Structure formats: structure tokens, C-alpha cells
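The values are calculated or read from the model by the stated rules, or taken from the named source; none is laboratory data. In this text, all values refer to a predicted model and were calculated from it rather than measured experimentally. Positions of Cβ are generated from backbone atoms using ideal geometry, with glycine treated the same way; all protein chains shown enter the neighbour counts. Side chains included, ligands, DNA and RNA excluded: accessible areas come from the protein's heavy atoms. Shrake-Rupley method; radii C 1.70, N 1.55, O 1.52, S 1.80 Å.
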Amino acid sequence: MFSLIFFLCTSLWSAVEATYVPEPMLRFYRGKGQGPYFMEASPNDTSATYFVAHLGTLTFHSTDGQLFDPRMINISTNVNFVFYGPMDNGPENSVFRLASAYRNNNKEEWMRLDHGDNVNPLTNISGNINSTTYEVRIYLISDQSANRYIYNATYTWVSGDFGGFNVQTKKTTNTNTYDFIPVNGQVIPENGDPPAAPAPFLATGTAVPEPLPYGPPVYHTKYDFSIVKKPDFILTDAYTNNISIATANLQLVGTDPDKYDYKVQVKFTGANDTPDYFRLQHKDASPAFVYFIPYSLVFGGIAIQPSVSYDWLNLDKVNINSKDISVRIPTVSQAIAERAVEGTYVDTITVTITPL
């Protein structure tokens, strides 16, 4: 009987966790403080006096609808943020602060997250919010009116690091004890300490944002390029086959959803190449002894020439784009290779990626 009662009691505890989805592309706009949240208004709407940027959305998930006094613990985030850009009286710095927007009895409210102790209630709701899913949106909001900012201008970060945050809630309304809850799968230590890594505010995971436009989004697409090298190869194996030596990977980040085609040009330049061939050089070459073996470089199945740009078209905007890099010893070079001094032959290739 004791075991059964204990089981029933423990099953009644509410489990709360949260997910945070940062905005992939930040920008400023005029916002109205009443529904939905900071609703975007026309740049000519002088009644929309808030100048804001939506940073991300924090959603609480409760197994039984028990959610008491959620609050944010800013571990590595500043209270004030300064941006520089054009204003009605010329360029100047302006101060921004964090804010949360939420629903309270079908009415939308917002509050600043600027407590100096870095402990910030996310709502002004007293007691149980009574929801299995509850959304709080996080904004950057200016201390000055939106009327002072210039449409189509860009505002550059000056100071105030956007680090990360943790979240706490109470177990009941009748206690002053707060517990950390996991955000995006954080591991909460059993001793009640904060998670080892706070959840980052920005989608990039960095503390400094790109310049923010006031107006339509400006997409700062990044091209993350890497080469995965494969083991060394036997020269004679490349007489009759293309020998794969590496894989080129290109990942696009921050792409424009309305842009159909992304493409780049790729150029390979060897340390010892001629206009027609790349060349391997004996590893132990000296001024008195230099021996080269010409070879062909094959990129994505196409034989390429040194220092010539080739189009890499129709890039996938979501998944990693990959192409094989191979080596082939042409017939004209095989006799040269057969006469070569034995040993290790090497070449250094510089790869240049140019977005189109």
C-alpha cells in the first residue's frame, strides 16, 4: 500500500520544459504593442511608436497545464544594447533593451527584461498560467520612438553582448522555490545547479548580430566550405582510374527563401601547375633536384584546368552540397612517372570559392 501511494504522489508532479526558436534573420520594424504581439505596421504609420526586432520565440510545454511564474535567468547577456545608424537628426547611437510579449486572459501584454540582477519575470501573471503550451516572444525594443529611425537604413551593433539564458519556474504558487527547466533539451543537474550551457539568443549562436536593416530582410548568406581529405594513393592506380582524394562540402546558411538559384564559381590553383596540368613535386626536392609528375584534377567528374573558374550550379539551400575531387595520371604523364625517382610526391592546392 505504501508503494502504491508513493507512486501515485510522484506521478502528480508537473513536468515543464521549453523550446526556443531564434529568428533566422533579424531586422527592425515599427511595432504596435497590441496584437498579435508587436504587430508590424507600415513605416508611415505614426501610431506605431515602438521600434523593435523579434529575436525569437520561447514556448513552454507542461504535462498537466501547471505553469507557475516563468522567469529568465540571463547568464551571459547584457541589459542594454547599443546600435549605431541614421536618425532624424543624423547618425547616432541608440539604446535598446530586451522585452517579452505574451497573452494574459486573451489580452496581449509586454514587459521589459532589464533587471540589473539578470533575473527577469517573463510575465506579470500571478499564479498558475493554466496552459499545456504557452508562448512568450522575445524582442529587442528601442528606448526611443520609431519616428526617429530612417526606413531602409541599416543599424550596426556597437555594444551589449547577446549571450544565452536559462529558464526557471515554480513548482506551485505557494512556494518561493524556483527550479531550472530544460530549454531545447538542456540537461539539468540533479543538485539543482544551472545547465552547463545556456540557450543562445541568436540563431548563429554568437553574441554579436549582423547589421540589422529597418525594412525588408537583408539576407547575409554564408558559404561554409570544407574539404574532407582521403588517404594517400598509389600513383600507378591513377593510370586507368580516377582516384578519389577528397570530398568538397559546401553548406549555405542564411539563404533568401524567395531566391530560386544559388551558385558559386570554384577555382583550383596548384603550387607547381602549368596552364594545362597540375604537377606533383618530389617531397624531398632541393634546388639541385626538382622532379615533377603532371596530373589531371577531376572535380565532380569533370577534368579541370589550373586557375580556371568553374560553375557550381543549383546549390541546395538546406542540405550539404558535395562533390568528389579525384586525380588522374594522363597517358602523356605515365612515362614521366615511370622514370621518376621513387618516393613521395605532393602538391598544395588553393581552392577559391566565389558566390555568383
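How far apart, in nanometres, would the label points at Met25 and Met87 be if each is projected 7 angstrom from Cα along the Cα-to-Cβ direction?
Placing both labels 7 Å along Cα→Cβ, they lie 2.9 nm apart.
I'm checking a number: the convex hull volume of the Cα atoms of segment 237-348, normalised per residue, in Å³. What is it?
In segment 237-348, the Cα hull volume divided by residue count equals 117 Å³.
What is the distance in Å between the Cα centres of segment 40-100 and segment 201-249?
Using only Cα atoms, the two centres lie 33 Å from each other.
Give the value in nm², to one decimal: projected area of the alpha carbon convex hull of the chain, averaged over all directions.
For the Cα atoms of the chain, the hull's average projected area reads 28.7 nm².
Just how many pairs of Lys in segment 244-356 have C-alpha atoms closer than 16 Å, counting pairs that are eight or more places apart or on different chains?
Close lysine pairs found across segment 244-356: 4.
Cross-link partners among lysines for Lys107, C-alpha distance below 20 Å, same-chain residues fewer than 8 apart left out?
Lys32
How large is the direction-averaged shadow of the alpha-carbon convex hull of segment 40-190, in nm²?
Mean projected area of the Cα convex hull: 10.5 nm².
At 7 Å along Cα-to-Cβ for each site, give me the label-to-label distance between Ala196 and Glu342 in nm.
Each label point is offset 7 Å from its Cα along the Cβ direction, giving 5.0 nm.
Can you give the local net charge around Asp143? Use residues other than it whose beta-carbon is closer than 13 angstrom to its beta-carbon, Lys and Arg +1, Asp and Glu -1.
Neighbour charge sum, excluding Asp143 itself: +1.
Between Ala285 and Thr206, what is the label-point separation in nm under the 7 Å Cα-to-beta-carbon projection?
In this crude label model, Thr206 to Ala285 measures out at 3.9 nm.
Excluding ligands, DNA and RNA, what is the solvent-accessible area per residue of the chain at a probe of 1.4 Å, expressed in Å²?
Result: 53 Å² per residue.
Is the shape of segment 174-255 rounded, prolate or oblate, going by the alpha carbon gyration tensor and its root eigenvalues a ≥ b ≥ c, with a/c under 1.5 for rounded and a/b larger than b/c for prolate?
It is oblate, given that a/c is not under 1.5 and a/b is not larger than b/c.
Summing Lys, Arg as +1 and Asp, Glu as -1, what charge do residues with Cβ under 14 Å from the Cβ of Ile243 carry, Ile243 excluded?
Residues close to Ile243 contribute a combined charge of -1.
Can you tell me the FRET efficiency between Val253 and Thr156 if r is taken as the Cβ-Cβ distance and R0 is 25 Å, rounded to the nearest 0.05?
Efficiency for this residue pair is about 0.80.
With the full set of protein chains in place, find how many percent of the accessible area of the chain is carbon and sulfur; take the probe as 1.4 Å.
53
Less than 10 Å Cβ to Cβ from His54, Lys/Arg counted +1 and Asp/Glu -1: what total charge do the surrounding residues give?
That sum, taken over residues with Cβ under 10 Å, equals 0.
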